[in-house]
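Inspection log for the structure reproduced underneath, given as structure tokens.
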Amino acid sequence: MADPILSLRGIRRSFGPVEVLHGIDLDLAPGKVHALLGENGAGKSTAMKILAGYQPASAGRILLDGAETQFHSPHDGESAGIIMIHQEFALAEQLTVEQNIFLGRELRKGLLLDKARMRQLSREYLARVNSQVDPDTLVSRLSNSEKQMVEIAKALSRNARVLIMDEPTAVLTSREVEILFAQVDALRAAGTAILFTSHKLDEVARLADRVTIMRDGAVVHSGPADQITEDGMATAMVGREMSDLYPAKPGIPPGAPVVLKVRDLSVARYAQGIGFDLHQGEILGLAGLVGAGRTEAMEGLCGIRPKTGGIVEIKGTPVTIRKPADALAHRLCYLTEDRKLRGLLLDMPMRPNLTLQALADFAGLLIDRKAEDKALDQAIQDFDIRGSRTVRVGNLSGGNQQKLLLAKIMLSEPQILVVDEPTRGIDIGTKQQIYAFLRRLAAEGHAIIVISSEMQELIGLADRILVMRAGRQMGILSGAALSEDSIVRLALGVSDAKSAAETAPEVPA
Amino acid sequence: MSDTTAPPRRGFTLPPMTVIGPVLALVLLIVLGASLNSNFLSAANVTNVLARSAFIGIIAVGMTFVITAGGLDLSVGSMAAFVAGLMILVMNAALPTLGIGLPLVLLGMGVALLAGLCAGLLNGLLITKLGIEAFIVTLGSMGIYRSLVTWLADGGTLSLNFELRRFIRPIYFDGLFGVTWPIIVFALVVIIGEIVMSRTSFGRHAAAVGSNEHVSHYSGISVARVRLVTYVMLGLLVGIATILYVPRLGSASSSTGVLWELEAIAAVIIGGTVLKGGFGRVWGTVIGVLILSLIDNILNLTSLVSPYLNGAIQGVIIVLAVILQRGRKASS
Amino acid sequence: MSDTTAPPRRGFTLPPMTVIGPVLALVLLIVLGASLNSNFLSAANVTNVLARSAFIGIIAVGMTFVITAGGLDLSVGSMAAFVAGLMILVMNAALPTLGIGLPLVLLGMGVALLAGLCAGLLNGLLITKLGIEAFIVTLGSMGIYRSLVTWLADGGTLSLNFELRRFIRPIYFDGLFGVTWPIIVFALVVIIGEIVMSRTSFGRHAAAVGSNEHVSHYSGISVARVRLVTYVMLGLLVGIATILYVPRLGSASSSTGVLWELEAIAAVIIGGTVLKGGFGRVWGTVIGVLILSLIDNILNLTSLVSPYLNGAIQGVIIVLAVILQRGRKASS
Amino acid sequence: QTQVIGVSIPAATHGWAGGMNFFAQDAINRLEEVYPDLDFVLATASDPARQVNDIEDMVATRNISALVVLPFESEPLTAPVQAVSDAGIWVTVVDRGLSVEGIEDLYVAGDNPGFGRVSGEYMVSAMPEGGDIVVFRGIASTIDNERVDNFMAAIEGSNINVLAAEHGNWNRDTSFEVMQDFLSRFPNIDAVWASDDDMALGVLAAIEAAGRTDIRFVLGGAGMKEMIARTRDGDPMIPANVTYPPAMIATAIELTAVGLTSNAPVAGEFIIGSVLVTPDNAADFYFPDSPF
Ligand SMILES: Nc1ncnc2c1ncn2[C@@H]1O[C@H](COP(=O)(O)OP(=O)(O)OP(=O)(O)O)[C@@H](O)[C@H]1O
Ligand SMILES: Nc1ncnc2c1ncn2[C@@H]1O[C@H](COP(=O)(O)OP(=O)(O)OP(=O)(O)O)[C@@H](O)[C@H]1O
Ligand SMILES: [Mg+2]
Ligand SMILES: [Mg+2]
């Protein structure tokens, strides 16, 4: 192996009294892709931030080209050719794409900015990742995946010696993942050292030259990627044997009542004519490419954004849902895909976040803090949330935030649950638990809609899958038709819908 | 459960600087006052300071909610002047019919509360329904109420009928067990405010709305309603403050309540509430109000500096009080 | 990429309401003024309005940067009074030595610029180094400067030596090609401000810092430095405004510049800059300043309403101007 | 044993108040030299409620034996000052009378109605054939109303026509701008009643800048020393002034000190009438050391 460009030696890191990294060693070699794996909260993001100069280490050494070095700021890291793509978006929402791409290193012509050139270059960088986003769009107007592609474009534009990517694929669809991987391959060939994390082990197997696995702040395995299987990775991460990822599907019991009936649901600009029946005990998947309007359709259903038409019946009774509280009153809950901006109050600790939506259950005249604490204990246990209770949740690891969000939604005891990308950023062990948990909920008589951009997840979990394309419902797949191929065909609009799927809305059996 | 989940810490630890900071500043001021003048801690002086803090204090409690929910209200000073003017006008007008007595006083109180409520509602509706910055709406209504009271008073002073003033004077100057009414009402408002802020759903929702509107909306909270209620509450509290104010001076004019808004906002921030919203504490606001009142009081206790420089001393102490609170730059 | 990513729209589209709103409000006011009084559009009146807008306008341009970068400055009005007082004192004191002439004027200007710069630097350092809310720091310094000028003037008015006043009057009243100096300087400040805001890295960094500190920090921008520079800039511009102000009446007192801060902030927001930071536009601020000046001017040119109600009309127009800008509630 | 005299006055928010602040401070400095066993507390307030606070503090913590108060406004100060008087403390009221008679031991005052009347009478005499004038008002307050009402009464029946009246708030800048707008609005203005010398200065600057020659004169008021000097020197634009001396506060403090320390009878009323200042008598009203 060539000499590493960047190495960590015995790195420790504490937040207050809690030490989260207990002496990490890591080597990044040129032309190699290194995968860093571990459970949520294992310390991956923290290690990466130390590598790139975003956070100081409490102890230990960083070696750059074999010489000990210290990064006092991300700027130092960047000067040394180390670029990082964050797990959380590091884009200023009120600025345009172009302004973000060149933030802190604007091109100038004399004293003034060379806007034309920056716009031109932005377009080129975006084109490298096949993104058609206009450089003059405000970042706040982009969808999550578009933001991520902008981040990637921004990072690629900086000609890094070391590229660090913290869960770059979590918000991407498979097509975008392919685009990213092509770029990574090119960088590897050009001699860049690459470190990335992902909870999608197939991606790791496909891309990585070397794998390092962390558990509870320590490295438990490090070695060439071809010497460890996906199962091996999972086992090393979780610390126990993994059984099947997806729970068994019992199938919708015949004669199960329809709990949610939707006809002609439309949400201006985003979705038209969505209609389906959701049975008790069923998990309905919602597939489509990014921007297909799944999120917006379901937000319209749950009263979060105005819907422009459609009939909704819950348990046979027509209901009007104009605001989220109406939906909650019918015990229809929505778990957002965007935990940072729409899911959690990042500046508050766990307790108020957990009970925010179900606060009425904890408050007569006054809030019962003891009951809240008990609920939090329970949630921490049920969802295996790791991190300090007193810290602001913005400082929790990404996966643990997602678990907290799930716990928050579940506290409202939904009868009908819509979960949007529920396992985004969740480690494989917990994913398995969440799948089992969703299936158990269904078995207990709840009805669930799962939106996911991970095709495998939908196929593994859902009883039926509704596919959307450009705001329209293309069909509902079930039984043997539940295959990646047929979903993709519908999502791309290349198949004759009727041959692959039932036409919707179908008449319940 | 992993070992990084720190158990809630037990045992004694010093509360953080953000908590002791304002308290410490207050204590320092009290020590300073007591060392400068032996009458400083006399019952009379303490009563004076507390009673006069009541107006701003009651308003500042309302302001704490507004700011916590991510809003701002620059109009409270003029609103108080306007409400006071209206209350005086109505009481004077009803005097011939009702005669001096409890019904008239109750009428006056009712008018004050109603006017405050409406004024708050108006601010709140413009802000939440039309989605205009609170700063602009309340800057506008500040001008409007100030003009209206000048106009009602025809450029001069609106005065309560003299006999009537005698009759309602006790509302400011008398009390129960030696504690005057303004202090009692202030204390009640603070206690209720603290409970509402820290122990009820509404307080939680206000902080949530101030912290992140989207998250609140997704969690089924009606963001507009919570905001609106904070403004209405503030309006009502301005009404209550006015009810205590009118008996004290018996008049209202265009100079009534000038700059109360800045004082109330300063008290809220000195108390540790975050100006951008998302976190508020009522008890802190009380400390802030007391600090501001004590500065004036202490400056009157001594003739150390030219009165021209009073403003400078106030400015320095306000900044120092907040520096104390921060300890050092919040490492963000 | 997916086909739903709307392509950037080409061809002619009406600019959004946030852009035409303030312009529309200004045009409406101008039409109103012209229809109420035939002298409204006379060269003399236009010159008057523009020249008197210059002080607030120049300060408001600086305020645009401060607010865009996520700050606020309540002290500019008192700072202007203090700088003016200092400038007058120094010029009077140096008169015997230097005699009336250009050197003395240059000295005065230098003092004003330096004092403004230092005052801005002080605000900025307290805010960035100690991490105290801008609201509190500048509320404090507002009191401090106001006190200082009262103290310098011994409670009264500081007046420039009479002969000297004659000598520097042209700085306000004369100009080039019939355009007076305040208008020329204002125009220059606006043009440079607009260029700096929209065409230089500094403008971008200011917006980035106001939008998201962390991201800016991560991008290698020194957040504290950018913020500090905005305050220093504002201080310098206050100095420039003062240089134009002193020649007008040749005096400064504790009533100089009262409420300029609110007017400047209002102008900035009417112009479309976001109070919480992250987005600012200098040309909008100019429109805001002109709207505010025109309201006063039109009220003086007509006797439609009781002068007591001027404040109310101002308030209503300010709110209306912003409503126009929003069109409807920003669907967030 | 030392006795304490409390002095409570409005803060210096405009020229006249600034002068009054100066004279108060000056009198105190002087009297502290003269009477070693007298102590003074001076408090300036920015609004009536604050002034009441100041007075409460003086009573509660400084054990004052006498209070000299220039009420911010009459109404709100009446009851608090009455309470001071009821506590057996000597009360001297300056300038603005309280709304209940007989509270104060000593009353030293200017004459606001007289101020308006003298100004009005001068206008009539200066323009016997009548003419168009504009009127500048002060900060909206009772004083301002008294002055303006009596001015109007005094010019009633003459041919003087008030084109417009607007608030200049006793402020030079505001008055400058208002006058600029008046000049745009009215092609002919014969004279200006600026009613205050600060406002007159703003008005004069605006007239000068506009180069207008139709305005024959500007009548200010309160006797600022620069303006008195210009009258004295025969400036045709400033042919007269009407006094309202801010130094009355010094008189009041001195009388109070005398009353406390001696048996001289100082109780009663001292009304300092508003006098018309013309080039003939201007020298008598020029005080070079005053800041106002
Ligand atoms: N600023 C902080 N303050 C306190 N604790 C922190 C802070 N940042 C991280 N932590 C804690 O450090 C631990 C490791 O977090 P880290 O983000 O590195 O995990 P991770 O491996 O990236 O997990 P995930 O897969 O969920 O992203 C967590 O317990 C987290 O709560
Ligand atoms: N906050 C927003 N403001 C404006 N437009 C948005 C916003 N969020 C998303 N969009 C746009 O809405 C469209 C659909 O959004 P989104 O990508 O969330 O759809 P989706 O089908 O839910 O896909 P996915 O769930 O995979 O992200 C996209 O074109 C996106 O640009
Ligand atoms: Mg992470
Ligand atoms: Mg989505």
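The values are calculated or read from the model by the stated rules, or taken from the named source; none is laboratory data. Please read all numbers here as calculations on a predicted model, not as lab measurements. Don't worry about glycine lacking a Cβ; one is built from the backbone with ideal geometry, like all the others, and counts go over all protein chains shown. Heavy atoms of the whole protein, side chains included, go into the accessibility calculation; ligands, DNA and RNA do not. Shrake-Rupley method; radii C 1.70, N 1.55, O 1.52, S 1.80 Å.
For the structure I just gave you, tell me whether A:V419 is more than 8 Å from chain B (Cβ to nearest Cβ), within 16 Å of ligand 2 (Cβ to nearest atom) and modelled with pLDDT of 90 or more. Yes: the conditions hold for A:V419. Of all residues assigned to segment D:44-67, at least one qualifies as being within 12 Å of chain B (Cβ to nearest Cβ), open to solvent by 20 Å² or more (accessible area, probe 1.4 Å), more than 24 Å from D:H14 (Cβ to Cβ) and among the basic types (K, R). Comparison of C:G239, C:G278, C:G257 shows that the only residue that is farther than 14 Å from C:A54 by Cα and either at the interface with another protein chain (Cβ under 7 Å from one of its Cβ atoms) or buried (at least 24 other Cβ atoms within 10 Å of the Cβ) (or both) is C:G278.
Checked against the criterion of being under 30 Å from A:S388 (Cα atoms) and either surrounded by fewer than 22 Cβ atoms within 10 Å (Cβ to Cβ) or within 22 Å of the chain's Cα centre (by Cα) (or both), the candidates A:D202, A:D226, A:D216 yield just one match: A:D216.
Cβ separations smaller than 9 Å between residues 6+ apart or across chains give the following pairs from segment A:19-42 residues that are within 14 Å of chain B (Cβ to nearest Cβ) to residues that are within 16 Å of ligand 4 (Cβ to nearest atom): A:N40/A:Q402; A:N40/A:G425. Note on segment A:155-203: among residues that are away from chain C (no Cβ under 14 Å), among the acidic types (D, E) and in a helix (DSSP H, G or I), the one that is farthest from ligand 4 (Cβ to nearest atom) is A:D185. Per this entry, A:Q94 is counted among residues that are in contact with a strand residue (DSSP E or B) (Cβ under 7 Å, 6 or more places away or on another chain), in a loop (DSSP other than H, G, I, E, B) and surrounded by 18 or more Cβ atoms within 10 Å (Cβ to Cβ). Of all residue pairs spaced 6 or more apart or on separate chains, those with beta-carbon atoms under 7 Å, a first member in segment A:65-88 that is over 26 Å from A:Q148 (Cα atoms) and a second member that is open to solvent by 50 Å² or more (accessible area, probe 1.4 Å) are A:G66/A:D3; A:E68/A:R61.
Between C:G120, C:G140, C:G155, the distinction of being touching a strand residue (DSSP E or B) at 6+ places or on another chain (Cβ under 9 Å), crowded, with 19+ Cβ neighbours inside 10 Å and either closer than 21 Å to C:V238 by Cβ or not acidic (D, E) (or both) belongs to C:G155 only.
Rundown of residues vs (1) open to solvent by less than 20 Å² (accessible area, probe 1.4 Å); (2) small (G, A, S); (3) within 16 Å of ligand 2 (Cβ to nearest atom); (4) more than 25 Å from A:A42 (Cα to Cα), yes/no style:
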position	(1), (2), (3), (4)
A:V393	yes, no, no, no
A:K408	yes, no, no, no
A:Q415	no, no, no, yes
A:K431	yes, no, no, no
A:I434	yes, no, no, no
A:L441	yes, no, no, yes
A:G445	yes, yes, no, yes
A:I448	yes, no, no, yes
A:I451	yes, no, yes, yes
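Across segment C:273-307, the qualifying residues are those that are closer than 19 Å to C:G21 by Cβ and in contact with a Phe, Trp or Tyr (Cβ under 8 Å, 6 or more places away or on another chain), and the one among them that is modelled with the lowest pLDDT is C:L275.
Among the residues of segment A:229-243, those identified as open to solvent by 70 Å² or more (accessible area, probe 1.4 Å) and assigned to a loop (DSSP other than H, G, I, E, B) are A:T229, A:R240, A:E241, A:S243.
Scanning segment D:20-78 for residues that are among the small types (G, A, S), over 22 Å from the mean Cα position of the chain (by Cα) and at pLDDT 85 or above yields D:S65, D:A66. Among the residues making up segment D:148-170, those that are open to solvent by less than 20 Å² (accessible area, probe 1.4 Å) and under 20 Å from the mean Cα position of the chain (by Cα) are D:V148, D:F151, D:E166, D:G168. Cβ-Cβ distances below 9 Å connect the following pairs, each with a first residue in segment A:434-455 that is on the phi > 0 side of the Ramachandran plot, a second residue that is away from ligand 4 (no atom under 16 Å from the Cβ) and open to solvent by 30 Å² or more (accessible area, probe 1.4 Å), and a separation of six or more residues or different chains: A:G445/A:Q280; A:G445/A:Q415. When A:S157, A:S198, A:S145, A:S131 are checked against the criterion of being of a type in the set (S, T, Y), within 16 Å of ligand 3 (Cβ to nearest atom) and in contact (Cβ under 8 Å) with a residue 12 or more places away in the chain, A:S198 stands alone in meeting it. Scanning segment A:385-414 for residues that are within 16 Å of ligand 4 (Cβ to nearest atom) and in a loop (DSSP other than H, G, I, E, B) gives no hits. Restricting segment A:276-320 to residues that are free of Cβ contacts under 8 Å to residues at least 24 places away in the same chain and polar (S, T, N, Q), the residue that is farthest from the other protein chains (Cβ to nearest Cβ) is A:T317.
Criterion applied to A:L121, A:L95, A:L111, A:L91 was being without any contact (Cβ under 8 Å) to a residue 40 or more places away in the chain, within 28 Å of C:T273 (Cα to Cα) and more than 13 Å from ligand 3 (Cβ to nearest atom), and the one residue passing it is A:L111.
Is it the case that some residue within segment A:52-60 is surrounded by fewer than 21 Cβ atoms within 10 Å (Cβ to Cβ), under 23 Å from C:Y218 (Cα atoms), within 14 Å of chain B (Cβ to nearest Cβ) and more than 16 Å from ligand 2 (Cβ to nearest atom)? Yes, there is a match, as at least one residue in segment A:52-60 is surrounded by fewer than 21 Cβ atoms within 10 Å (Cβ to Cβ), under 23 Å from C:Y218 (Cα atoms), within 14 Å of chain B (Cβ to nearest Cβ) and more than 16 Å from ligand 2 (Cβ to nearest atom). For segment B:221-236, residues that are part of a helix (DSSP H, G or I) and open to solvent by 10 Å² or more (accessible area, probe 1.4 Å) total 9. Within segment A:372-383, the set of residues being more than 7 Å from chain B (Cβ to nearest Cβ) and open to solvent by less than 30 Å² (accessible area, probe 1.4 Å) comprises A:E372, A:A375, A:L376, A:A379, A:F383. Looking only at segment A:216-228, which residues are in contact (Cβ under 8 Å) with a residue 12 or more places away in the chain and either part of a loop (DSSP other than H, G, I, E, B) or of a type in the set (S, T, N, Q) (or both)? Matches in segment A:216-228: A:D216, A:G217, A:S222, A:I228. Scoring B:V49 on the criteria (1) under 19 Å from the mean Cα position of the chain (by Cα); (2) within 23 Å of B:V190 (Cα to Cα); (3) open to solvent by 30 Å² or more (accessible area, probe 1.4 Å); (4) among the hydrophobic types (A, V, I, L, M, F, W, C) leaves a single failure, condition (3). Please determine whether any residue of segment A:246-262 is within 16 Å of ligand 3 (Cβ to nearest atom) and in contact with a His (Cβ under 6 Å, 6 or more places away or on another chain). Taking every residue of segment A:246-262 in turn, none turns out to be within 16 Å of ligand 3 (Cβ to nearest atom) and in contact with a His (Cβ under 6 Å, 6 or more places away or on another chain). Suppose the filter is surrounded by fewer than 24 Cβ atoms within 10 Å (Cβ to Cβ), modelled with pLDDT under 95, within 14 Å of another protein chain (Cβ to nearest Cβ) and under 19 Å from B:E261 (Cα atoms); does B:F55 pass it? Spelling it out, it is not the case that B:F55 is surrounded by fewer than 24 Cβ atoms within 10 Å (Cβ to Cβ), modelled with pLDDT under 95, within 14 Å of another protein chain (Cβ to nearest Cβ) and under 19 Å from B:E261 (Cα atoms).
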